[in-house]
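Each remark here refers to the structure printed beneath this line.
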Amino acid sequence: MSDRARRAAAPRLLQSAGFRFAALFTVLFGAASVTLIAVLWISTAAALDRQVLAAIRADAVALTERWRNGGEGGLVDAIEERLATDLTNESIYLLQDQHGAKLAGNLVNWPTNVELGMTFTRTRIMHDGIPADARVLARDLGGLRLLVGRDESERLQLRLLLTEGVVWSLGASLLLAMMGAALVRRALERRLEPVMRTAQHIAGGDLSRRVPVAGRADEFDRLARSMNTMLDRIQALMQGIKSVSDAIAHDLRTPIARARTKLEEAVETASDEAALRAAMEQGIADLDHISRIFQALLRIAEAEAGARRAAFAEFDLVAVLRDVEEFYGVAAEAREQRLEASFPDSIMMVGDRDLLLQAVANLLDNAIKFTPDGGVIRLLARERDDDWIEVAVADSGPGLSADERARAGERFFRADASRNTPGSGLGLSLVRAVATLHGGRVELGDAVPGATPPGLEVRILLSADG
Amino acid sequence: MRILLVEDDAEVARFVKKGLQEAGHNVEHAPNGRDGLFLAASEQFDLLVLDRMLPGGVDGVRIVETLRQQGNRTPVLFLSALGAVDERVKGLKAGGDDYLVKPFAFAELLARVEALARRPSVDAPATRLRVADLELDLLSRTVNRGGKKIDVQPREFRLLEHLMRHAGQVVTRTMLLEKVWDYHFDPQTNVIDVHVSRLRQKLDKGFDKPLIHTVRNAGYMIRAEP
């Protein structure tokens with residue numbers, strides 16, 4: 001590794017979220033272990049220490065008391081009595097007179113570094129001929145020098161063992177922490193890796209890829225699901241664009257070809273100017289038709305893409321429907337059809353007024369077209385108990401077979417019965433797109449089930465809050 | 001009438017210019033937004049016909065916004081291939097007075113041009129409109145012909161009002177749809193024709209002189225002379 005690479009490696013490691021999580025894990029785990037050991041230490045080694053000091057102090061106080069009451073003799077008796085009853089053989093006493101002569105106790109010499117006073121001293125003594133560590137307290141009792149202490153050898157041994165244990169366990173926890181950190185990092189990478197791989201495939205153009213969901217309902221699954229929802233939406237949009245361009249490529253070609261043939265034929269064969277003029281007028285009409293199809297396709301695409309959701313506003317659906325009813329009522333009347341409408345006083349909803357208007361207009365337009373003269377068309381709107389807003393248009397036309405119903409709503413689909421009527425086959429596609437835009441759907445059914453002809457009923461279900 | 005046409009497509013520009021000139025108008029043409037804005041700001045026009053997307057960094061919307069900021073209130077008709085509802089709204093919000101989507105029939109353009117140029121003045125709102133012996137009272141919302149009251153429904157009243165405000169001018173079906181019904185889509189069937197013919201029947205019943213005339217390939221016109 002070159003110097004530069006080594007210098008770059010540290011920041012790159014720090015940039016890895018996996019490493020940072022791992023480091024955090026190590027620190028937390030280490031801190032927990034240290035705390036645990038500290039508590040353990042304080043409650044064992046330190047407690048033992050405190051016990052020793054308390055015992056020495058109590059002993060010293062008791063002996064002092066004894067000296068005050070019983071004088072030198074009493075004190076010597078007390079020390080001897082204590083030494084005799086000391087089963088653990090830990091106690092250390094030494095009583096000397098002014099000249100340093102031993103009066104009582106189990107030490108031969110006064111330890112070198114011990115001075116009279118109130119402080120505890122650690123010292124090395126010869127205890128029963130064996131060198132040992134001890135904690136002592138020395139007092140001056142009216143010329144007599146009293147030394148009270150405890151042999152600490154065993155305790156120090158215990159402490160050593162404890163310390164050893166602590167070091168081992170600290171090392172072990174550090175090792176475990178680092179292993180845990182590595183595992184966390186690996187797990188993190190393993191969970192994120194499929195997401196990354198999917199993203200790369202998608203960036204590479206394969207929109208069908210999805211992030212695998214582990215089924216653990218955790219944060220990663222939630223991330224995966226949101227990503228997949230987003231991808232579904234993007235794919236639907238792309239599909240929409242693709243199907244519009246397919247439709248344009250395929251279905252606009254037909255009328256364009258037709259118009260072109262007619263014009264070409266006229267140029268070749270028209271006998272006089274009047275015939276030529278008629279052909280050109282027909283050509284213009286054909287072009288207008290093509291441009292209408294185009295407009296309709298764009299509107300559908302616009303609705304399907306959901307781009308118009310930004311234009312959603314609250315409005316009264318009934319006011320819009322009354323308007324349409326009035327507009328188309330005249331057209332129905334002209335064909336001696338009856339347009340029966342039934343609305344509540346008002347249905348407030350959030351949506352795109354223009355698109356809904358056009359959807360209902362398309363349905364009424366169809367209904368008027370397919371209902372025979374003298375027939376009945378019904379337009380109704382209501383707020384259903386299941387919270388849908390329903391707008392239904394029913395006609396007394398030939399209706400649709402189950403097969404046709406399934407295909408209705410496909411772009412450019414036209415039922416057999418409608419082949420000879422003008423229309424583009426896009427009306428219901430728009431209705432469907434508009435319903436979907438408003439969080440709803442379209443249902444097709446017989447207007448009067450069982451009757452011949454059954455008529456067609458188209459129900460648009462809309463969600464009230466958009 | 002002096003009209004400024006700002007349109008970058010040479011063929012469309014030539015066609016529109018020729019058509020408007022044949023209709024008796026004086027047309028200046030600018031092929032890009034910069035020249036268009038300069039001409040519109042420095043000379044007096046009765047109407048601007050603007051394309052939305054223009055070369056030269058200044059598009060149609062910018063021209064209108066700039067002019068309106070300068071207090072220039074010349075009527076503006078947008079002529080655009082951008083046909084989405086939002087685009088229309090954007091154009092009208094910027095200060096445009098009308099919006100026509102390409103491709104268009106010239107008759108449609110001409111009708112809109114003339115309607116804009118002779119817009120009823122806002123300063124002195126008329127309370128009474130009259131064509132021959134037909135009289136429309138805007139205050140009492142009643143219609144009389146030859147002194148005889150004719151019953152019309154509210155929408156028919158608005159339809160008639162629109163026709164009469166543009167008496168002597170062609171009013172297209174799309175214009176009626178937009179201005180009387182506020183519908184901005186193509187209803188495909190000729191529902192408008194049915195509405196107009198119903199109104200026509202009411203007005204002409206008992207009179208031998210028809211007032212509402214059908215203009216072939218264009219729309220309708222109300223006028224006194226046949």
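Here are a few things to note about the model shown:
- Residue in the range A:96-107 that is of a type in the set (D, E) and in a helix (DSSP H, G or I) present: no
- Of the candidates B:K90, B:K102, the single residue that is of a type in the set (K, R) and touching a residue at least 60 places away in the same chain (Cβ under 8 Å) is B:K102.
- Test: residue in the range A:354-377 that is assigned to a strand (DSSP E or B), buried (at least 24 other Cβ atoms within 10 Å of the Cβ) and of a type outside the set (G, A, S): yes
- Residue match in the range A:252-272 (condition: outside any loop (DSSP other than H, G, I, E, B), more than 30 Å from A:A23 (Cα to Cα), in contact with a Leu (Cβ under 7 Å, 6 or more places away or on another chain) and at pLDDT 80 or above): yes
- Each residue in the range B:25-54 was checked for being β-branched (V, I, T) and surrounded by 22 or more Cβ atoms within 10 Å (Cβ to Cβ), and 1 pass.
- Identity of the residue in the range B:156-199, hydroxyl-bearing (S, T, Y) and part of a helix (DSSP H, G or I), that ends up nearest to the other protein chains (Cβ to nearest Cβ): B:S197
- Taking the conditions (1) surrounded by 15 or more Cβ atoms within 10 Å (Cβ to Cβ); (2) more than 20 Å from A:A392 (Cα to Cα); (3) at pLDDT 90 or above in turn, A:A332 satisfies each one other than (2).
- Residue in the range B:151-168 that is closer than 30 Å to A:D288 by Cβ and free of Cβ contacts under 8 Å to residues at least 24 places away in the same chain present: yes
- Which listed residue, of A:I300, A:I248, A:I234, is of a type outside the set (S, T, N, Q) and under 30 Å from A:S346 (Cβ atoms): A:I300
- Picking from residues in the range A:398-422 that are over 25 Å from B:F185 (Cα atoms) and surrounded by 16 or more Cβ atoms within 10 Å (Cβ to Cβ), the one that is modelled with the highest pLDDT is A:P398.
- For the condition more than 14 Å from chain A (Cβ to nearest Cβ), closer than 17 Å to B:L199 by Cβ and part of a loop (DSSP other than H, G, I, E, B), B:A126 does not qualify.
Okay, residues lined up against (1) out of contact with any strand residue (DSSP E or B) (no Cβ under 8 Å at 6 or more places or on another chain); (2) away from chain B (no Cβ under 14 Å); (3) closer than 15 Å to A:A301 by Cβ; (4) surrounded by 15 or more Cβ atoms within 10 Å (Cβ to Cβ):
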{"residue": "A:D232", "(1), (2), (3), (4)": "yes, yes, no, no"}
{"residue": "A:M238", "(1), (2), (3), (4)": "yes, yes, yes, no"}
{"residue": "A:S243", "(1), (2), (3), (4)": "yes, yes, yes, yes"}
{"residue": "A:L252", "(1), (2), (3), (4)": "yes, no, yes, yes"}
{"residue": "A:R260", "(1), (2), (3), (4)": "yes, yes, no, no"}
{"residue": "A:E264", "(1), (2), (3), (4)": "yes, yes, no, no"}
{"residue": "A:E268", "(1), (2), (3), (4)": "yes, yes, no, no"}
{"residue": "A:A274", "(1), (2), (3), (4)": "yes, yes, no, no"}
{"residue": "A:A278", "(1), (2), (3), (4)": "yes, no, no, no"}
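- Filtered residues of the range A:317-329 (kept if surrounded by 15 or more Cβ atoms within 10 Å (Cβ to Cβ) and either out of contact with any strand residue (DSSP E or B) (no Cβ under 9 Å at 6 or more places or on another chain) or of a type outside the set (V, I, T) (or both)): A:L317, A:V320, A:L321, A:R322, A:D323, A:E325, A:E326, A:F327, A:Y328, A:G329
- Boolean, A:A257 is farther than 25 Å from B:K179 by Cβ and within 40 Å of the chain's Cα centre (by Cα): no
- Pick from the range A:325-357, criterion small (G, A, S) and away from chain B (no Cβ under 14 Å), ranking: farthest from the chain's Cα centre (by Cα): A:A341
- Condition check for A:D151: touching a residue at least 24 places away in the same chain (Cβ under 8 Å) and farther than 21 Å from A:Q51 by Cα: no
- From the options A:L28, A:L87, residue that is in a helix (DSSP H, G or I) and out of contact with any Phe, Trp or Tyr (no Cβ under 8 Å at 6 or more places or on another chain): A:L28
- Residues (part of a helix (DSSP H, G or I) and either of a type in the set (V, I, T) or at pLDDT below 85 (or both)) located in the range A:430-466: A:V431, A:V434, A:T436
- Subset of the range B:70-91 [aliphatic (A, V, I, L, M) and away from chain A (no Cβ under 14 Å)]: B:V76, B:L77, B:L79
- Scanning the range A:296-306 for residues that are surrounded by fewer than 16 Cβ atoms within 10 Å (Cβ to Cβ) and either in contact with a Gly (Cβ under 8 Å, 6 or more places away or on another chain) or facing chain B (nearest Cβ under 8 Å) (or both) yields one hit, A:L298.
- Verdict on B:Y220 being hydroxyl-bearing (S, T, Y), closer than 27 Å to A:N366 by Cβ and part of a strand (DSSP E or B): yes
- Residue that is nearest to the chain's Cα centre (by Cα), among those in the range A:310-322 that are within 11 Å of another protein chain (Cβ to nearest Cβ) and at pLDDT below 90: A:A310
- Residue in the range A:113-126 that is surrounded by the fewest Cβ atoms within 10 Å (Cβ to Cβ), counting only those that are at pLDDT 80 or above and of a type in the set (V, I, T): A:T119
- When we screen A:I293, A:I248 for residues that are within 14 Å of chain B (Cβ to nearest Cβ) and either out of contact with any strand residue (DSSP E or B) (no Cβ under 7 Å at 6 or more places or on another chain) or under 16 Å from A:L426 (Cα atoms) (or both), the only hit is A:I293.
- The range B:1-24, subset surrounded by 19 or more Cβ atoms within 10 Å (Cβ to Cβ) and in contact with a helix residue (DSSP H, G or I) (Cβ under 9 Å, 6 or more places away or on another chain), residue nearest to B:R62 (Cα to Cα): B:V6
- Set side by side, the residues B:V143, B:V113 differ, and just one is surrounded by 17 or more Cβ atoms within 10 Å (Cβ to Cβ), over 22 Å from the mean Cα position of the chain (by Cα) and farther than 14 Å from B:E7 by Cα, which is B:V143.
The values are calculated or read from the model by the stated rules, or taken from the named source; none is laboratory data. Here the structure is a predicted model, which is why all the values come from computation and not from measurement. In this analysis, Cβ positions are derived from the backbone assuming ideal geometry, glycine residues included, and neighbour counts consider all displayed protein chains.
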